[in-house]
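Enquirer: One structure follows; several queries about it will come next.
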Amino acid sequence: MDARLEAVYEEALKRNPTQPEFQQAVREVIESLETLLLSRTDYQDAAILERIIEPERQIMFRVAWQDDSNKVRVNRGYRIQFNSTLGPYKGGLRFHPSVTLSVIKFLGFEQIFKNALTGQSIGGGKGGSDFDPHGKSDNEVMRFCQAFMMELSRHVGADVDVPAGDIGVGAREIGYLFGQYKRLANRNEAGVITGKGVGWGGSRGRTEATGYGLVMFANSMLAELGESVEGKTAVVSGSGNVATYAIEKLHQLGGKAVSISDSSGAVYDPDGIDVALLKEIKEVRRGRVSEYAELRPNAKFQAGQKVWGIPADLALPCATQNEVHANDVRTMRANGVQLIAEGANMPLTPGAIETAQHSKILYAPGKAANAGGVATSALEMQQNASLQSWPFAVVEEKLEAIMTDIHATCLATAADLDEPGNYLVGANAAGFMKVADAMIEQGIV
């Protein structure tokens, strides 16, 4: 890394000394954009890199709530309003025990560039809590969400900051959060949160959007080789929203997903994952993937294992950050994987990314490949603002157009920087330049 950029990174380390996920995300962007950053004196003069690394606002708060036994529980809430250059802060809320300030900051930092790539007028932000909704009753989840929104409500709004769902925050949680916001604000401000129920301001296709968009992006990558998803086998990690609908779209396009996973282990189903059964177990029963294997004759559950040892053509990591290591990529390569597209945020470690890029495996970062979710959230905001509700087919058509455009933008930008076919450089550079150019135009703020 150039000495000037190294100095910026070292300063970021000093300011954020106990935030490894955030440090990792920052270093990846700086290293991939070294040529661009050193060639733009206007970026250097305006300290764009230094400013874009520092969030505009960091909010941390206590969330006190009562469980069903009337015991008072205390969690920590976060909202990082990272960059509003292109529009109101936009990014999901994650409820999971692994949530820390570092995790929320890395997610918010990634969100800046992801949102810019969508072409929508949305800035970058993220939030969440170390609360774990698993094993909680509906009433306990409701009480937590209401307590969380008591504090968050003063920091959000349709023109200020628009949260959405993420890990641990699905339709149930969004409903409770929105209901509490409406009660506190004394108005029906539909555009304050996305991922709502279709009957009360939500968008058709939002639930499917991240997973569908991921497969659409992968299909565009294969099209550059004269191929498609049709006839391909895929290993998919995770079993939540993104994984489920990625699998569904793969099957619609003639591909076959043969794996799912959760924190307990992995399932291999050589007959192809039964999406209806997966939805029943995860969305209705809120169960574990081991239950899926018990109900499928040829499926096998491997406790504590990953899915990456299963032979396949495509790999779609859809679980969580840093779930794929360099050894996993080497295993994938040996097993015939030709493409890795990130459904989760930063699921590949730096070593895994380097290994993928030095092999013949195509690699698409989450900023580009999983941008369909936030893109469709922006479409939900458009529908709320115009008091409309579009049919599913209209939303899906718009989503496909957005993902096709993101793919083309990544390739074109990479080529302009003499990095043909490098989706990491293309995604980071395209998103960064859009935000940086607007920051210069808006002055030092």
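The values are calculated or read from the model by the stated rules, or taken from the named source; none is laboratory data. Note that the coordinates shown come from a computational prediction; the quantities given were computed from them, not determined experimentally. Neighbour counts are summed over all protein chains in view; Cβ atoms, including those assigned to glycine, are modelled from backbone coordinates with ideal geometry. Heads up: the accessible areas ignore ligands, DNA and RNA and are worked out on the full protein's heavy atoms, side chains in. Shrake-Rupley method; radii C 1.70, N 1.55, O 1.52, S 1.80 Å.
Enquirer: Take the residues of segment 302-344 that are of a type in the set (D, E) and in contact with a helix residue (DSSP H, G or I) (Cβ under 7 Å, 6 or more places away or on another chain): which is surrounded by the fewest Cβ atoms within 10 Å (Cβ to Cβ)?
Expert: The first filter runs over segment 302-344 and keeps only residues of a type in the set (D, E), leaving 313, 323, 328, 342.
From what's left, in contact with a helix residue (DSSP H, G or I) (Cβ under 7 Å, 6 or more places away or on another chain): 328, 342.
Details: D328: 25, E342: 27.
For segment 302-344, the residue satisfying everything is D328.
Enquirer: Right, here's the next one. Which residue out of A427, A375 is closer than 22 Å to I53 by Cα, crowded, with 20+ Cβ neighbours inside 10 Å and under 21 Å from the mean Cα position of the chain (by Cα)? Step through it out loud before you land on a result.
Expert: Details: A375 fails: closer than 22 Å to I53 by Cα.
None of the others qualify; the one that does is A427.
Enquirer: For segment 22-77, give me each residue that is among the polar types (S, T, N, Q) and over 20 Å from S98 (Cα atoms). Don't jump to the end; show me each part of the working.
Expert: Of segment 22-77, the ones among the polar types (S, T, N, Q) are 23-24, 32, 35, 39, 41, 44, 58, 66, 69-70, 75.
Selection gives S32, T35, S39, T41, Q44, Q66, S69, N70.
Enquirer: Looking at segment 48-89, which of its residues are out of contact with any strand residue (DSSP E or B) (no Cβ under 7 Å at 6 or more places or on another chain), surrounded by fewer than 21 Cβ atoms within 10 Å (Cβ to Cβ) and in contact (Cβ under 8 Å) with a residue 24 or more places away in the chain?
Expert: Applying the first criterion (out of contact with any strand residue (DSSP E or B) (no Cβ under 7 Å at 6 or more places or on another chain)) to segment 48-89 yields 48-51, 53-54, 68-71.
Imposing the further condition that a residue be surrounded by fewer than 21 Cβ atoms within 10 Å (Cβ to Cβ) reduces the set to 48, 50-51, 54, 68-71.
The answer is I48, E50, R51, E54, D68.
Enquirer: Let me ask you something else. Counting only residues that are out of contact with any strand residue (DSSP E or B) (no Cβ under 9 Å at 6 or more places or on another chain) and charged (D, E, K, R), which one in segment 207-228 is least open to solvent (accessible area, probe 1.4 Å)?
Expert: The residue in question is E208.
Enquirer: For the condition assigned by the TED database to the domain that holds G77, of a type in the set (A, V, I, L, M) and modelled with pLDDT of 95 or more, what is the one hit in L222, L152?
Expert: Numbers: L222 fails: assigned by the TED database to the domain that holds G77.
Result of the check over L222, L152: L152.
Enquirer: Also: State which residue pairs qualify: first residue under 17 Å from A368 (Cβ atoms) and open to solvent by less than 70 Å² (accessible area, probe 1.4 Å) and inside segment 387-406, second residue in a helix (DSSP H, G or I) and among the β-branched types (V, I, T) in any location, beta carbons under 6 Å apart, and separation of 6 or more residues or different chains.
Expert: L399/T376
Enquirer: I would also like to ask the following. Restricting segment 239-290 to residues that are in a loop (DSSP other than H, G, I, E, B) and closer than 17 Å to P347 by Cβ, which is least open to solvent (accessible area, probe 1.4 Å)?
Expert: Restricting attention to segment 239-290, the residues satisfying the condition of being in a loop (DSSP other than H, G, I, E, B) are 239-240, 253-255, 258, 263-264, 269-274, 285-288.
Checking the rest, the ones that are also closer than 17 Å to P347 by Cβ come to 239-240, 263.
Details: S239: 8, G240: 39, S263: 110 Å².
Taking the candidates together, the pick is S239.
Enquirer: Could I ask something else about it? Are there any pairs, at least 6 apart or on different chains, whose C-beta atoms fall under 6 Å, with the first in segment 229-253 and in contact (Cβ under 8 Å) with a residue 12 or more places away in the chain and the second assigned to a helix (DSSP H, G or I) and among the basic types (K, R), and if so, which?
Expert: If the second residue must be assigned to a helix (DSSP H, G or I) and among the basic types (K, R), the pairs left are S239/K282.
Enquirer: If you check A412 against the conditions, is it free of Cβ contacts under 8 Å to residues at least 60 places away in the same chain, open to solvent by 10 Å² or more (accessible area, probe 1.4 Å) and among the hydrophobic types (A, V, I, L, M, F, W, C)? Outline the logic, then answer.
Expert: Working: free of Cβ contacts under 8 Å to residues at least 60 places away in the same chain: yes; open to solvent by 10 Å² or more (accessible area, probe 1.4 Å): yes; among the hydrophobic types (A, V, I, L, M, F, W, C): yes.
Taking the combined requirement at face value, the residue satisfies it.
Enquirer: In segment 345-361, which residues are out of contact with any Phe, Trp or Tyr (no Cβ under 6 Å at 6 or more places or on another chain) and open to solvent by less than 40 Å² (accessible area, probe 1.4 Å)?
Expert: Those that are out of contact with any Phe, Trp or Tyr (no Cβ under 6 Å at 6 or more places or on another chain) and open to solvent by less than 40 Å² (accessible area, probe 1.4 Å): N345, M346, P347, L348, T349, G351, A352, I353, T355, S359, I361.
Enquirer: Can I ask one more? Find the helices (runs of 4 or more DSSP H) located wholly in segment 90-206 whose residues include 2 or more that are without any contact (Cβ under 8 Å) to a residue 60 or more places away in the chain, crowded, with 24+ Cβ neighbours inside 10 Å and touching a strand residue (DSSP E or B) at 6+ places or on another chain (Cβ under 9 Å), and list them. Show your work before the answer.
Expert: Working: elements: 101-117, 138-152, 171-185.
Here the list reads 101-117.
Enquirer: Moving on. Mind listing whichever residues of segment 45-77 are under 17 Å from L13 (Cα atoms), assigned to a helix (DSSP H, G or I) and either out of contact with any helix residue (DSSP H, G or I) (no Cβ under 6 Å at 6 or more places or on another chain) or of a type in the set (D, E, K, R) (or both)?
Expert: The answer is E50, R51, I52.
Enquirer: Of the residues that make up segment 298-307, is at least one aliphatic (A, V, I, L, M) and closer than 23 Å to G373 by Cα? First the steps, then the outcome.
Expert: Taking segment 298-307 as the starting set, the residues that turn out to be aliphatic (A, V, I, L, M) are 299, 303, 307.
This time we only want the ones that are closer than 23 Å to G373 by Cα, so: none.
No, because not a single residue in segment 298-307 is aliphatic (A, V, I, L, M) and closer than 23 Å to G373 by Cα.
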